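See below for the structure under consideration.
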Amino acid sequence: MNKILISLSLLLFLPLVGLVAPFFVTGTTDVLSTNADIFATDTLQHLWDYVLGSYLKSTVILMLGVAIGVFILGVGNAWIIASYDFPGKKIFEWALILPLAVPSYVMAYLFVDILQFAGPIQSTLRSWLGVDKLWFFPDPRSLFGAIWTFSFCLYPYVYLITRTAFIERSRRLMEVSETLGYSPLESFFKLVIPMARPAIFAGMALVLMEVLADFGAVSYFGVQTLATGIFKAWLSFGDRMTAVQLALTLLSFVLLIFLIEQNSRSRIRYSSSLPSKSFAKLLSGNKAIYAFLVCGVTLLLGFLLPAIGLINLMYQQGLSIDMRYWNWLRNSFTVSFATAIIAVLLALFFAYAVRLNHQMKWVTQLLGFGYALPGAVLSIGILSFLEIFQLAWWISASMLVLIYAYLVRFLSSSLQSIETGLTRITPSMDGSAALLGLSAFQILRRIHIPLLRRSLITAGLFVFVDVMKELPATLLLRPFNFDTLAVATYQLAADERLSELALPALTIVLAGLIPVYLLSKIFSRQV
């Protein structure tokens, strides 16, 4: 079993081989060039002279801006919800997770549609002020617009993890600091933030990895990042080597974030003898109003306005449905369902094999890195690997390559769910079943799978929704004439046919509400 476990895990790391192999394998050809080495050198030199510096600058500024934005939104709302009682708190506890259901590229389209020159906000302001142009109104299709969109779309990652940390640390620590003469603000920055730093770093690391992996939103905003550079190098220049080099540059950013987050957690140890129950302070008067407004405005800008925007676009479209929608829906459900089934089976095998042999734990930990791979980097790795063996035609002939990419990217999410379920099954059950003469496979089939039914369904749902929302990998690896809801939404937005994208975008959002609902149920039990 150990050999099979290692073989399958190595199979899932072939995209990394594809990123490194072009530097050592000679004799391969690029898509649009008969002299690959000269063409790659010229393209990379052109990018370095004219745009690579802009790619790096935009990527760094975007990461810093989003990091500040999600810190303010995520930590601020988490502290308010975890530490205070006020009218509406029960709703905000789960409602603040809702922006996770909206993909960043859909949020970008709706953000621009609402705030552009012809949008409802600018039109209303011009009418009220009696002017033809609002010189003070920022351009939504800009780097600032991208930072704003990502901050409101991704802050729930920080909110969820940090809220749990705040609840576990208990408000009694704040009470102790106040008895020592610290004001609530001083206690927050000198005690609460340092104590929750590992959780904050973990949430922000997830956010920054999502930002680096994004292509749809940044391309719509016209922001030139490393992700857009990869697509240009491959699709516009047809240059595999340059795309690989840019992908490795982007991957180095991901590895840096991953190492910083791991280092921040490994060097810090906290313990507390205080009970984990949270003692929330009751707010009244103006303080209760301020807390409600902070949470309410965050929810309004992060979910309610985009939802209203989608409904408005649906109203503009009327009752007519593009007949291609059913084809997009069928394609999305086909690859999502197939990937979810395979991912659950593989995750169950990996998790159970590690349960039988704890020395193989490193395999599942290594597989967790797949989720950190941006879709563009993963796709370029697969394309490069196939190109080495002259097998790139597989992409146009079958969706197996696309499903493989999804498995590499999202297997870790199903694996975590199943591993969590297995930890709730005491090892004594395995021992008792073995004494009764059951084999390892019989124990899995008769005992573990029935007990893991909820974890298996949850794992499948998370993978299903992740695949439905995935855009970069789908754009590069989909078979010929195979469009999903995510691809159709992106293409319609690129053509400025926003009213037509309402139905496919709304379908993706509604599917995304399923894991958000599950998350809200899980985290509500921690209060």
- Item | Solvent-accessible area of Ile447 with every protein chain in place, 1.4 Å probe, in Å² to the nearest 10 | 40
- Note on the structure: A correct Kirkwood calculation over the Cα atoms of region 468-527 returns a hydrodynamic radius in Å of 13.1
- Query: So what is the calculated 222 nm ellipticity per residue for the chain, using -39500 (n - 2.57) for each DSSP H run with n of 4 or more, over all residues, to the nearest 500 deg cm²/dmol?
  - Reply: -22000 deg cm²/dmol
- Return the lysines within reach of Lys3: Cα separation strictly under 23 angstrom, same-chain partners fewer than 8 residues apart disregarded; answer none if there are no such residues. Lys361
- Message: Full-extension gain between Tyr325 and Asn2, please, as 0.36 nm times their residue separation minus the C-alpha to C-alpha distance.
- Response: 111.8 nm
- Taking Rh as the Kirkwood radius, which is the inverse of the mean 1/r over Cα pairs, what is the Rg/Rh value for region 284-356? 1.29
- Query: If you compute P(r) over Cα pairs in 10 Å bins from 0, in percent for the structure shown, which of (i) 4, 19, 29, 26, 14, 6, 2, 0; (ii) 3, 16, 26, 26, 18, 8, 2, 0, 0; (iii) 4, 20, 32, 29, 13, 2, 0 do you land on?
  - Reply: (ii)
- Task: Using a 1.4 Å probe and ignoring any ligands, DNA or RNA, find the accessible area of Ile4 and quote it in Å² to the nearest 10.
- Result: 100
- Along the dipole axis of the chain (charges at Cβ: +1 for Lys and Arg, -1 for Asp and Glu; origin at the Cα centre), the most positive-end residue among Tyr517, Ser123, Leu485 is Tyr517
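Evaluate region 182-250: find the radius of gyration of its Cα atoms, find its Kirkwood radius, and give the ratio Rg to Rh. Walk me through the numbers before you get to the answer.
Details: Rg = 19.0 Å, Rh = 14.7 Å.
For region 182-250, the value is 1.29.
Of all the C-alpha pairs in region 426-527, what % are more than 20 Å from each other?
Details: 3081 of 5151 pairs.
Summing the P(r) of region 426-527 above 20 Å gives 60 percent of all pairs.
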- Message: Per residue of region 495-511, what does 6.51 cos²θ - 1.76 cosθ + 1.60 with θ = phi - 60° give for ³J(HN,Hα)? Whole Hz please, x for Gly and Pro, Karplus curve as stated.
- Response: 8, 6, 9, 5, 5, 7, 7, 4, 5, x, 5, 5, 5, 5, 5, 4, 5
- Message: How much accessible area per residue does region 308-437 have, counting only protein heavy atoms and a probe of 1.4 Å, in square angstrom?
- Response: 48
- Message: Whole-Hz ³J(HN,Hα) for each residue in region 223-238, computed from phi via Karplus 6.51 cos²θ - 1.76 cosθ + 1.60 with θ = phi - 60°, x for glycine and proline: what do you get?
- Response: 8, 8, 10, 4, 5, 5, x, 4, 5, 5, 4, 7, 7, 8, 8, x
- Highest average packing first - 280-291, 155-166, 241-252, Cβ atoms within 10 Å: 155-166, 241-252, 280-291
- Task: Just tell me which lysines come within less than 26 Å, Cα to Cα, of Lys57; anything on the same chain fewer than 8 places away is out.
- Result: Lys232
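Put Glu186, Glu210 in order of accessible area, largest first, 1.4 Å probe: what do you get? Show your work: numbers first, answer last.
Working: Glu186 80, Glu210 45 Å².
Putting Glu186, Glu210 in descending order of accessible area: Glu186, Glu210.
Can you work out the FRET efficiency for the pair Ser432 and Tyr315, with r the C-beta to C-beta distance and R0 = 60 Å, to the nearest 0.05? Can you show the working numbers first?
On the way: r = 61 Å, r/R0 = 1.01.
E(calc), rounded to 0.05, equals 0.50.
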- How much net charge surrounds Gly460 when only the other residues with a Cβ under 13 Å from the Cβ of Gly460 are counted, with Lys and Arg +1 and Asp and Glu -1? +1
- Whose amide H sits under 5 Å from the amide H of Lys281, counting only residues 5 or more places off or on another chain, with H placed in the peptide plane? Tyr84, Asp85
- In region 335-378, carbon and sulfur make up what percent of the accessible area (probe 1.4 Å)? 72
- Qualifying lysines (Cα of each under 24 Å from Cα of Lys521; at least 8 residues distant if same chain): Lys89, Lys90, Lys277, Lys281, Lys469
- Query: Once you put a point 7 Å from the Cα of Asn481 and another 7 Å from the Cα of Thr334, both along the Cβ direction, what distance in nm separates them?
  - Reply: 1.2
- Query: Using mean Cβ contacts within 10 Å as the protection proxy, how do 56-69, 429-442, 96-109 order, highest first?
  - Reply: 96-109, 56-69, 429-442
- With labels modelled as points extended 7 Å from the Cα through the Cβ direction, what inter-label distance (nm, one decimal) is found for Ile449 paired with Val176? 5.0
- Alpha carbon centroid spacing (whole Å) that separates region 1-20 from region 312-363: 21
- Once the whole set of protein chains is in place, how much accessible area is left on Phe86, using a 1.4 Å probe, in Å² to the nearest 10? 20
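The values are calculated or read from the model by the stated rules, or taken from the named source; none is laboratory data. Note that the coordinates shown come from a computational prediction; the quantities given were computed from them, not determined experimentally. We place every Cβ from the backbone using ideal geometry, glycine too, and count neighbours over all the protein chains shown. These area figures cover heavy atoms from the full protein model, side chains too; ligands, DNA and RNA do not enter into them. Shrake-Rupley method; radii C 1.70, N 1.55, O 1.52, S 1.80 Å.
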